[in-house]
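As structure tokens, the structure follows; a few thoughts come after it.
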Amino acid sequence: MNAAREVEVVVIGAGQAGLSAAYHLRRAGFEPDRDFVVLDHSPGPGGAWQFRWPSLTFGKVHGMHALPGMELTDADPARPSSEVVREYFDRYERAFGLRVRRPVDVRAVREGTAGRLLVETPDGTWAARALINATGTWDRPFWPRYPGQETFRGRQLHTAQYSGPEEFAGRRVVVVGGGASGTQHLLELAPYAAATTWVTRRPPVFREGPFDQDAGRAAVALVEERVRQGLPPRSVVSVTGLPLNDAIRRGLAEGVLDRRPMFDRVVPDGVEWRDGRKVVADVILWATGFRAALDHLAPLGLREPGGGIRLEGTRAVADPRVHLLGYGPSASTIGANRAGRAAVRDIRRLLAGEPVAA
């Protein structure tokens, strides 16, 4: 058995949060491969963006912030966001010499010896004094369970499997979910599908006017409070509401975004409500979001009774060597940038034997 390779810090994930952390590690004097390593399970640069459906053009993307140290300029709004961001991340990794190792799947993180954490992969094990986990959510699509789901004779798919509206031409589609993905799917599908039906658990909240810094801070604070309590985080979008832009206004006016309450059961040819109402469907598209991909951290026992991992800033309260980026309040792209800087600041203090601020 090969000995574990020792580094100061392992970064897991090379999306926005992981690259931000790697950038700040370099600025702090840490050298790639010698002092830190970035492990990414994706086939190439781009984080979760590389898997987005082609019809999600860059012009439709809401709130994409540049990585620290390099602006994203001259992006064609008509190009798929997957291509734009993949190329941008690739340039970024090369410009700062981040040397991301991929594809590498992290199977588990365990307690090692001499205060180090063992990061186990099929390509070997790294022994680190600190860990930055930036694995995001794309690998854990959330599928709710409803009675009769297994009896449906049509097609069921999740946002993670959506590749564009053309394949739904002439189909009757039920879209489940009140977030940005759900509304984007509906607006795209409407010109192609025979019929669309929108169902959500809660009435959607549309936000009028600009989303200024004060509103952003208030939204992040609500998410952060859940994380401090050790509860599973909600997304920032879930507390900000949906921006009432021109496309949404058209969808509301044309009846495409005519929301119905959540159905009670799935039947072989559609969905039904308790009061006897029914919608016949060929497809159920679950735009029901994602959960944090953290199974590899299970051996460390970080989860609280409430089901989440309690954080102070980005630092796990149960283990100050572990930082979570892209989790809870740092799930937005601008939040990930700030979190990368904060995590590296704390890790420098930890490695120097200095007290870490509460």
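A few comments on the model shown:
- Checked against the criterion of being at pLDDT 95 or above, in the same structural domain as residue 80 (by TED's automatic domain parsing), at negative phi and of a type in the set (A, V, I, L, M), the range 140-157 has no qualifying residue.
- Test: residue in the range 322-338 that is charged (D, E, K, R), over 30 Å from residue 208 (Cα atoms) and either touching a strand residue (DSSP E or B) at 6+ places or on another chain (Cβ under 8 Å) or surrounded by fewer than 21 Cβ atoms within 10 Å (Cβ to Cβ) (or both): no
- Residues of the range 246-277 that are over 17 Å from residue 175 (Cβ atoms), assigned to a helix (DSSP H, G or I) and small (Gly, Ala, Ser): 253 alone.
- Scanning the range 68-86 for residues that are touching a residue at least 12 places away in the same chain (Cβ under 8 Å) and more than 25 Å from residue 291 (Cβ to Cβ) yields 68, 69, 70, 72, 75, 76, 77, 78, 79, 80, 84.
- Residue in the range 76-86 that is surrounded by fewer than 23 Cβ atoms within 10 Å (Cβ to Cβ), within 25 Å of residue 343 (Cβ to Cβ) and among the charged types (D, E, K, R) present: yes
Table: residues versus (1) buried (at least 19 other Cβ atoms within 10 Å of the Cβ); (2) in a loop (DSSP other than H, G, I, E, B); (3) in contact with a helix residue (DSSP H, G or I) (Cβ under 7 Å, 6 or more places away or on another chain).
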| residue | (1), (2), (3) |
| --- | --- |
| 126 | yes, no, no |
| 132 | yes, no, yes |
| 135 | yes, yes, no |
| 139 | no, yes, no |
| 143 | no, yes, no |
| 147 | no, yes, no |
| 164 | no, yes, no |
| 173 | yes, no, yes |
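- Residue list for the range 149-162, filter: in a loop (DSSP other than H, G, I, E, B) and either of a type outside the set (Phe, Trp, Tyr) or under 10 Å from residue 189 (Cβ atoms) (or both): 153, 154, 162
- None of 79, 153 is out of contact with any Pro (no Cβ under 6 Å at 6 or more places or on another chain) and farther than 24 Å from residue 314 by Cβ except 79.
- Number of residues in the range 72-117 that are assigned to a loop (DSSP other than H, G, I, E, B) and over 26 Å from residue 323 (Cβ atoms) equals 7.
- Test: residue in the range 3-15 that is assigned by TED's automatic domain parsing to the domain that holds residue 129, within 22 Å of residue 158 (Cβ to Cβ) and surrounded by fewer than 24 Cβ atoms within 10 Å (Cβ to Cβ): no
- Number of the condition not met by residue 45 [criteria: (1) under 30 Å from residue 161 (Cβ atoms); (2) at pLDDT below 95]: (2)
- Selection status of residue 279, touching a helix residue (DSSP H, G or I) at 6+ places or on another chain (Cβ under 6 Å) and β-branched (Val, Ile, Thr): no
- Residue within the range 52-66 that is touching a residue at least 60 places away in the same chain (Cβ under 8 Å), under 20 Å from residue 337 (Cα atoms) and of a type in the set (Phe, Trp, Tyr) present: no
The values are calculated or read from the model by the stated rules, or taken from the named source; none is laboratory data. Just so it is clear, the structure is predicted and the values come from calculations on it, not from any experiment. Reconstructed Cβ throughout: ideal geometry from the backbone, glycine too, with neighbour counts over all protein chains shown.
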